[in-house]
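Q: What follows is a structure written as structure tokens; I'll ask about it next.
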Amino acid sequence: MTDSQPHIEVAVALPVHGSFTYSVPEALQALATPGKRVLVPFGGRRVTGYVLGADGATQLSQVLAVVDVLDAEPLFPESMIPLYRWVSAYYLYPLGEVIRTALPGGLNVRDQRTLSLTEAGRLEGRSGQVAVDAGALMALLADGPVEMNALVRKLPSSGTRALAMTLVRRGWVAESRQLSGDRVRPHTERWVALPDDPPRGKRLSASRRGILDRVIAEGPMPVRLLTRTVSTAASLVRAMAKSGQLTVFQRQVYRDPLGEPVAPDRPHRLNDEQRQVVAEVQAAMGGGFETFLLHGVTGSGKTEVYMQLARSVIDRGGRVLVLVPEIALISQMARRFEARFGAGIALLHSGLSRGERYDQWLRVMRGEATIAIGARSAIFAPFASLDLVIVDEEHDGSYKQEGGLRYNARDLAVVRGRQNRAVVILGTATPSVQSFANARSGKFKTLCLTRRVEKRPMPEITVVDLTQSRDARGIRRFMTPELTDAMTRTLARGEQVLLFLNRRGYAGYPVCVDCGKALNCRHCDISLTLHQSANAYRCHYCGFSLPSVTPCPACGGKRMRNLGLGTEKVEAAVSALFPEARVARMDRDTTTRRGAVVALLKRLHKGTIDVLIGTQMVAKGHDFPNITLVGVICADLSLNFPDFRAGERTFQLLAQVAGRAGRGDAPGRVILQTYNPSHFSIQSATDQDFPGFYQKEVAYRRELGYPPFSRLVLLRISGKDAARTRDHAQALGSCCLRLATGQGGHTTVLGPIEAALSRVAGRYRWQVLLKSDGTRPVHRFLREVMTAHSALFTHSAVRVAVDVDPFVFM
């Protein structure tokens, strides 16, 4: 192919860095516009690519041509391409994979290679003269064709693909290719309308006359609406279309994830602090990029501030993006926005079906939705321009993606705001140390809401020292007299109780009575957790499970002592202590079914739940007006993690869950139980004193050189062979140390070292931590390592993942 055809820049949906140049055949030139998918040849196969724009700068004598354009309309606006490039450069992730991650799932197509045994191969196999490895491969094909990737999984030798291609060349195996993927399609339904020239004078049955009269009166409509009045409408419509009385056609309809409609509401009256915040943000709108850290105590009315600011943007024809940390919170936020703004809301999160998410994506792309609400993935909502970005609970670790493209949606909100010259609001009652440091340095502006709405008081917090109940037996060690007495009085008043324990299951440490060994996961270096309701021991990392009657694998003993505490055990204890109380549990085990969170919250608001027991899901943003008592069963669980942010997370979690109490007319109380009452994180949470916590926390961070005083990159090394993974980690660590020494100390290399959880899902895990005083030095360092030692990052048996600004170190 010559360069007479125009060239375009394409990012392919494969783990390869950079973009590629393709020529566009004349028949496709009008269609190959930025934001569309194209089918392109790459490395002997056809894969999905994304058009980034014209490529007039590349001068090549011969380039490959685009095979096809896959979309009638763009999937993302051209204005988002700079964001994709920024994400690729900052997180050191292939550009095509960034775009694939941003788009709804199920859109990519690829060549699927299928192998089958030829007649010559069958004869050769029967001869007995075939090598052992070739014979094993041919035996797998004897029963029928097998897809190449499935064949590699069944024969996990590094040479399986090469062997298969050798057999293809010999004529013993045949190879075929077909396109697969692209499973998401627009949803359509049958509609009817009057034809341009309907026949006249023809007598109609009563049913047909009823259908025709309704279409005449109401215009084009879906057939499903007609079936509500005429049960046989579906078949009658087909017959009427054949006789020319109606026109039948397919129309795209959106799959609606919002559920039942909500009653509209009106803006609430703001207090003085809220009015001041709204006025200051409104004054900044239209004046360019600005980021505000909205620090408001729990119950201070931040959501109402968000909605009134969104209204001012929408009234001027702008667009708004709202991020919340958990899918469980989206329904609450979406219903409040829907009540205020009506049908202009789009939802974007991984809890939707692929079809629903695709439809919501198209509504944003087409300009039919003016507000998008979602979890972290909604940061890629395809608005051509943005005027306001809101990040609720900005401190929450759920904004960090822990796999694949390891982006932080909170940080990308600021980047997207800067690229769109928009206003960004980071709202929270417990700011992250990083955001508060940015505010103190002048990067962000701080806005404060220091009082709860309607002059409601902050809850009274009582600290209970659990060391005083160490000698108590069973659950009484954690259900202390102070807590049970407070629950008794609260329930007697007809009010609700929230008990918080950030550990699900019944017991997290099953031990054999006979030999004393723990019952561990077969695939992870961690103990199983008993889930009594499922009669099973389960691993919370890989999903492995065993029946609850499983004998000890070490000695065969049948007596297991289930030590530890989880929300299931607390639920059982509360039901025994308060048999008349209606008890419910909110954790991942009880909320996996679609709609379960909404149903549980409805029961809570209707007052059909007296005691709610939950994990961190209950601590985030929920508004429970009748909960007046919050009991923190054990405040220390997150303090013991091997993570420099352990104190910060503990403070945030405790302050947030305490903020669920007293949000209605009655005052609230918190019973905070702890083994470390003197720890500054516990004391600061008790006093609701974030500035005091911040001063002590940053002193430790400054001394140890951790963020916000440095930048971190974590290299995560994992593989199925322990020795090979260890050797690979040591080789990578040695390369990093040599380069760091040559650079003169701009980057510090820590490790390699085994991860705190050294094996998860059958993969052995090591880590190398890179620490630098700035973003540019550590990026430059890592690019040099990846360029000079690329084989270490592309090994087939050992995986190396680059985690920029890591949040989890386990």
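Q: Scan region 310-331 for residues that are surrounded by fewer than 21 Cβ atoms within 10 Å (Cβ to Cβ) and over 22 Å from the mean Cα position of the chain (by Cα) and report the count.
A: Of the residues in region 310-331, 7 are surrounded by fewer than 21 Cβ atoms within 10 Å (Cβ to Cβ) and over 22 Å from the mean Cα position of the chain (by Cα).
Q: In region 788-808, what count of residues is obtained for those that are under 22 Å from residue 722 (Cα atoms), of a type in the set (A, V, I, L, M, F, W, C) and open to solvent by 60 Å² or more (accessible area, probe 1.4 Å)?
A: 1
Q: In this structure, does residue 647 turn out to be of a type in the set (Gly, Ala, Ser), modelled with pLDDT of 90 or more and crowded, with 24+ Cβ neighbours inside 10 Å? So that I can check it myself, show each step before the final result.
A: Numbers: of a type in the set (Gly, Ala, Ser): yes; modelled with pLDDT of 90 or more: yes; crowded, with 24+ Cβ neighbours inside 10 Å: no.
No.
Q: Here is a follow-up. Condition test on residue 588, is it touching a residue at least 24 places away in the same chain (Cβ under 8 Å), charged (D, E, K, R) and open to solvent by less than 20 Å² (accessible area, probe 1.4 Å)? Talk me through it step by step, then tell me what you get.
A: On the way: touching a residue at least 24 places away in the same chain (Cβ under 8 Å): yes; charged (D, E, K, R): yes; open to solvent by less than 20 Å² (accessible area, probe 1.4 Å): no.
Criteria not met by residue 588.
Q: Which of the helices (runs of 4 or more DSSP H) contained wholly in region 206-273 include at least 1 residues that are among the charged types (D, E, K, R) and within 44 Å of the chain's Cα centre (by Cα)?
A: 206-218, 223-226
Q: Continuing with the same structure: Looking only at region 349-389, count every residue that is surrounded by 19 or more Cβ atoms within 10 Å (Cβ to Cβ), out of contact with any helix residue (DSSP H, G or I) (no Cβ under 7 Å at 6 or more places or on another chain) and of a type in the set (Asp, Glu) and tell me the total.
A: Counting residues in region 349-389 that are surrounded by 19 or more Cβ atoms within 10 Å (Cβ to Cβ), out of contact with any helix residue (DSSP H, G or I) (no Cβ under 7 Å at 6 or more places or on another chain) and of a type in the set (Asp, Glu) gives 2.
Q: Take the residues in region 699-723 that are aliphatic (A, V, I, L, M) and buried (at least 16 other Cβ atoms within 10 Å of the Cβ), then tell me which one is farthest from residue 758 (Cα to Cα).
A: Initially, region 699-723 is screened for residues aliphatic (A, V, I, L, M), giving 699, 704, 712-715, 717, 722-723.
Still in the list and also buried (at least 16 other Cβ atoms within 10 Å of the Cβ): 712-715, 717.
Details: 712: 21, 713: 19, 714: 15, 715: 14, 717: 11 Å.
Only one residue tops the list, namely 712.
Q: Restricting attention to region 622-641, report how many residues are under 18 Å from residue 599 (Cα atoms) and of a type in the set (D, E, K, R). Even if it seems obvious, please write down each step before you answer.
A: Within region 622-641, the subset under 18 Å from residue 599 (Cα atoms) is 622-627.
Subset that is of a type in the set (D, E, K, R): 623.
So the count comes out to 1.
Q: Which members of region 590-621 meet the condition of being at pLDDT 90 or above and touching an Asp or Glu at 6+ places or on another chain (Cβ under 9 Å)?
A: 610, 611, 613, 614, 615, listed by residue number.
Q: Please pick out the residue among 153, 113 that is closer than 30 Å to residue 17 by Cβ and either touching a strand residue (DSSP E or B) at 6+ places or on another chain (Cβ under 8 Å) or surrounded by 15 or more Cβ atoms within 10 Å (Cβ to Cβ) (or both).
A: Details: 153 fails: either touching a strand residue (DSSP E or B) at 6+ places or on another chain (Cβ under 8 Å) or surrounded by 15 or more Cβ atoms within 10 Å (Cβ to Cβ) (or both).
On inspection, the qualifying residue turns out to be 113.
Q: Here's another thing I want to ask about it. For residue 535, state whether it is within 25 Å of residue 613 (Cβ to Cβ), in contact with a Ser or Thr (Cβ under 6 Å, 6 or more places away or on another chain) and open to solvent by 60 Å² or more (accessible area, probe 1.4 Å). Outline the logic, then answer.
A: Details: within 25 Å of residue 613 (Cβ to Cβ): yes; in contact with a Ser or Thr (Cβ under 6 Å, 6 or more places away or on another chain): yes; open to solvent by 60 Å² or more (accessible area, probe 1.4 Å): yes.
It is true that residue 535 is within 25 Å of residue 613 (Cβ to Cβ), in contact with a Ser or Thr (Cβ under 6 Å, 6 or more places away or on another chain) and open to solvent by 60 Å² or more (accessible area, probe 1.4 Å).
Q: Looking only at residues that are in contact (Cβ under 8 Å) with a residue 60 or more places away in the chain and among the small types (Gly, Ala, Ser) in region 332-348, which one is surrounded by the fewest Cβ atoms within 10 Å (Cβ to Cβ)?
A: Residue satisfying both the conditions and the ranking: 342.
Q: I would also like to ask the following. Would you point out which residue out of 49, 35, 18 is part of a loop (DSSP other than H, G, I, E, B) and open to solvent by less than 10 Å² (accessible area, probe 1.4 Å)? If you could, list the steps in order and put the result at the bottom.
A: Details: 49 fails: part of a loop (DSSP other than H, G, I, E, B); 18 fails: open to solvent by less than 10 Å² (accessible area, probe 1.4 Å).
Exactly one residue qualifies, and that residue is 35.
Q: Separate question: Take region 489-526 and flag every residue that is more than 21 Å from residue 556 (Cα to Cα) and among the polar types (S, T, N, Q).
A: If the condition is that a residue be more than 21 Å from residue 556 (Cα to Cα) and among the polar types (S, T, N, Q), then 490, 496, 502 are the ones that fit.
Quick grid of which residues meet (1) assigned to a helix (DSSP H, G or I); (2) within 20 Å of residue 617 (Cα to Cα); (3) of a type in the set (Val, Ile, Thr):
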{"position": "630", "(1), (2), (3)": "no, yes, yes"}
{"position": "634", "(1), (2), (3)": "no, yes, no"}
{"position": "647", "(1), (2), (3)": "yes, yes, no"}
{"position": "651", "(1), (2), (3)": "yes, yes, no"}
{"position": "656", "(1), (2), (3)": "yes, yes, no"}
{"position": "671", "(1), (2), (3)": "no, yes, yes"}
{"position": "677", "(1), (2), (3)": "no, no, no"}
{"position": "683", "(1), (2), (3)": "yes, no, no"}
{"position": "695", "(1), (2), (3)": "yes, no, no"}
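Q: Can you find even one residue in region 752-772 that is at pLDDT 95 or above, closer than 23 Å to residue 544 by Cβ and in contact with a Pro (Cβ under 6 Å, 6 or more places away or on another chain)?
A: yes
The values are calculated or read from the model by the stated rules, or taken from the named source; none is laboratory data. None of these values were measured; they are calculated from a predicted model. Reconstructed Cβ throughout: ideal geometry from the backbone, glycine too, with neighbour counts over all protein chains shown. Quick note on the areas: whole protein, heavy atoms, side chains included, nothing else; ligands and nucleic acids left out. Shrake-Rupley method; radii C 1.70, N 1.55, O 1.52, S 1.80 Å.
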